[in-house]
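The structure under discussion appears below in the form of structure tokens.
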Amino acid sequence: MIVSRLELIDFRNYVSGEFDLLDGTTAVIGDNGQGKTNLAEALAYLATLSSFRGAPGDALVRVGADQAIIRATVRHDDGRESLIEAELTVVGRNRVQVNKQKLKRVRDLLGTVRVTVFSPDDLIVVKGSPGDRRRFMDDTLVALATKYDAIRLEIDRIVKQRNSLLKQAQKAGHRAENLPDDIAVTLDVWDAKFVELADQFGYARATLVARITPMVQDAYDQLAGESSPIELRYEPEWRQIGLLKALTAARPMDLRRGVSTVGPHRDELALSINGLPSRTHASQGEQRTLALALRLASHRLVTERTESAPVLVLDDVLSELDDGRATALLEHLPPGQVVITTASELPPAAQADRVLRVKAGEVVTES
Ligand SMILES: Nc1ncnc2c1ncn2[C@@H]1O[C@H](COP(=O)(O)OP(=O)(O)OP(=O)(O)O)[C@@H](O)[C@H]1O
Ligand SMILES: [Mg+2]
């Protein structure tokens, strides 16, 4: 699947920009602040319906405009084309049309366009909190199958409802030993739903981690030019004893604190290089390499499982790597459509099929 053409209207700093991306590798070159990451963000938006920078929807609309439009021509592997038009309004009343047919729900677009983005912000997967690593696992799951988006949302909803019930009980001074029957019964109902979804999701995360680990190792070794053992460990305690048991054991604490203290919303994916935890021990360059290897592995897994390569967007990746690693990356780009943005000229190892230059939200095709 490729995005053959992308048009942005009032999106970020683009008044009206058109990108002919075609197949192969496109380099997007421009000085700082000209609109390279904005392009990456627009492409990724089509895949996830959110900003990979975590920006709220209204930040995506050009200042002074009421709505932004992302219009993309997508060519599927079987040669079919679809025209996707996403309208984002400042007030958040977004709409999506596919081939001029309005989708009932904006989220129905998920799965139509697959995009893998690597940006300098990805360092957070290695350096950030467990939530950042959960997002990495879960975004990969959603790229593999959109049903995981629904499961993830439902788990979030259950945790919220459960937390508000716990908070209420905590405020009323209830403890596990004197919990009124009605609250206990309601909690049991939430717990039963929670357990069912969490089991599915925990299993999916564990399977994902097992499948992706050798791919992360390959990508890391290839980038680093030498082999360092990488470990990804996802072993939440609740999966070992069963969530229902874990929730029962944690209930006194949950009531004391007024929050759900165990479950998939608290999981950690521990990462290590050479047996040392990467968040606290790896060098900056090792952390960057691992972050990139995680993203490339996720891209490869999605490509293999869906039998179709997502669009790979590498935003500003070259400034982050030493020459050896940058060359290794460029020489081993995966097959499929690749968009690389950079503020400096491309090194010779990059064989771009096309160069686009962006300046203040305008696009010039060079070759
Ligand atoms: N909603 C918006 N309306 C208008 N301009 C915006 C909006 N959001 C961001 N911008 C502007 O878009 C410009 C380009 O941002 P972008 O992040 O794409 O730059 P970049 O080319 O990736 O630069 P760098 O090399 O520094 O990463 C910035 O100057 C920013 O102020
Ligand atoms: Mg940028």
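The values are calculated or read from the model by the stated rules, or taken from the named source; none is laboratory data. Note that the structure is a prediction, hence the values are computed from the model and not measured. Cβ: placed from backbone, ideal geometry, glycine included. Neighbour counts: every protein chain shown. The protein model used for the area step is the full one, side chains on, heavy atoms only, and it has no ligands, DNA or RNA in it. Shrake-Rupley method; radii C 1.70, N 1.55, O 1.52, S 1.80 Å.
Assorted remarks:
- On inspection, Leu247 fails the criterion of being surrounded by 18 or more Cβ atoms within 10 Å (Cβ to Cβ) and touching a Lys or Arg at 6+ places or on another chain (Cβ under 8 Å).
- Within segment 24-43, not a single residue is assigned to a loop (DSSP other than H, G, I, E, B) and over 23 Å from Ala343 (Cβ atoms).
- Residue in segment 100-110 that is touching a strand residue (DSSP E or B) at 6+ places or on another chain (Cβ under 8 Å), open to solvent by less than 60 Å² (accessible area, probe 1.4 Å) and within 16 Å of ligand 1 (Cβ to nearest atom) present: no
- For segment 285-318, taking the residues that are over 24 Å from Ala270 (Cβ atoms) and among the hydroxyl-bearing types (Ser, Thr, Tyr), the one that is nearest to ligand 2 (Cβ to nearest atom) is identified as Thr303.
- Against the conditions (1) under 30 Å from Thr112 (Cα atoms); (2) surrounded by fewer than 22 Cβ atoms within 10 Å (Cβ to Cβ), Ser319 satisfies every one except (1).
- Within segment 343-362, the residues that satisfy the criterion of being more than 20 Å from Gln222 (Cβ to Cβ) and within 16 Å of ligand 1 (Cβ to nearest atom) are Ala343, Ser344, Glu345, Val355, Leu356, Arg357, Val358, Lys359, Ala360, Gly361, Glu362.
- Restricting segment 44-64 to residues that are part of a loop (DSSP other than H, G, I, E, B) and within 6 Å of ligand 1 (Cβ to nearest atom), the residue that is most open to solvent (accessible area, probe 1.4 Å): Val63
- Residue identified as surrounded by 17 or more Cβ atoms within 10 Å (Cβ to Cβ), within 30 Å of Thr306 (Cβ to Cβ), among the small types (Gly, Ala, Ser) and within 10 Å of ligand 1 (Cβ to nearest atom) among Ala68, Ala72: Ala68
- Given (1) over 24 Å from Gly33 (Cα atoms); (2) surrounded by fewer than 23 Cβ atoms within 10 Å (Cβ to Cβ); (3) among the hydrophobic types (A, V, I, L, M, F, W, C), index of the condition Leu329 fails: (2)
- Condition check for Arg114 on (1) open to solvent by 50 Å² or more (accessible area, probe 1.4 Å); (2) within 16 Å of ligand 1 (Cβ to nearest atom); (3) of a type outside the set (Phe, Trp, Tyr); (4) under 18 Å from Leu21 (Cα atoms): one failure, at (2).
- When residues in segment 281-302 are screened for being farther than 17 Å from Glu331 by Cβ and among the β-branched types (Val, Ile, Thr), 1 of them pass.
A quick yes/no check of all residues on (1) more than 30 Å from Leu187 (Cα to Cα); (2) surrounded by fewer than 22 Cβ atoms within 10 Å (Cβ to Cβ); (3) assigned by TED's automatic domain parsing to the domain that holds Gly225:
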{"residue": "Arg256", "(1), (2), (3)": "no, yes, yes"}
{"residue": "Ser272", "(1), (2), (3)": "yes, yes, yes"}
{"residue": "His281", "(1), (2), (3)": "yes, yes, yes"}
{"residue": "Glu286", "(1), (2), (3)": "yes, yes, yes"}
{"residue": "Ala291", "(1), (2), (3)": "yes, no, yes"}
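- Enumerated helices (runs of 4 or more DSSP H) restricted to segment 84-186, each holding at least 2 residues that are within 26 Å of Glu307 (Cβ to Cβ) and free of Cβ contacts under 8 Å to residues at least 12 places away in the same chain: 147-171
- Residue within segment 219-230 that is touching a Gly at 6+ places or on another chain (Cβ under 8 Å), open to solvent by 20 Å² or more (accessible area, probe 1.4 Å) and under 24 Å from Leu271 (Cβ atoms) present: yes
- For segment 279-307, filtered to residues that are in contact with a helix residue (DSSP H, G or I) (Cβ under 8 Å, 6 or more places away or on another chain) and β-branched (Val, Ile, Thr), the residue that is nearest to Arg325 (Cα to Cα) is Thr289.
- Filtered by the rule that a residue be open to solvent by 30 Å² or more (accessible area, probe 1.4 Å) and over 16 Å from Ile155 (Cβ atoms), segment 185-218 gives Val185, Thr186, Asp188, Thr207, Ala210, Arg211, Thr213, Pro214, Gln217, Asp218.
- Hits in segment 332-344 - residues which are away from ligand 2 (no atom under 16 Å from the Cβ) and either farther than 29 Å from Glu304 by Cβ or open to solvent by 40 Å² or more (accessible area, probe 1.4 Å) (or both): His332, Leu333, Pro335
- On the stretch given as segment 5-43, residues that are open to solvent by 10 Å² or more (accessible area, probe 1.4 Å), more than 18 Å from Leu346 (Cα to Cα) and more than 10 Å from ligand 1 (Cβ to nearest atom) total 8.
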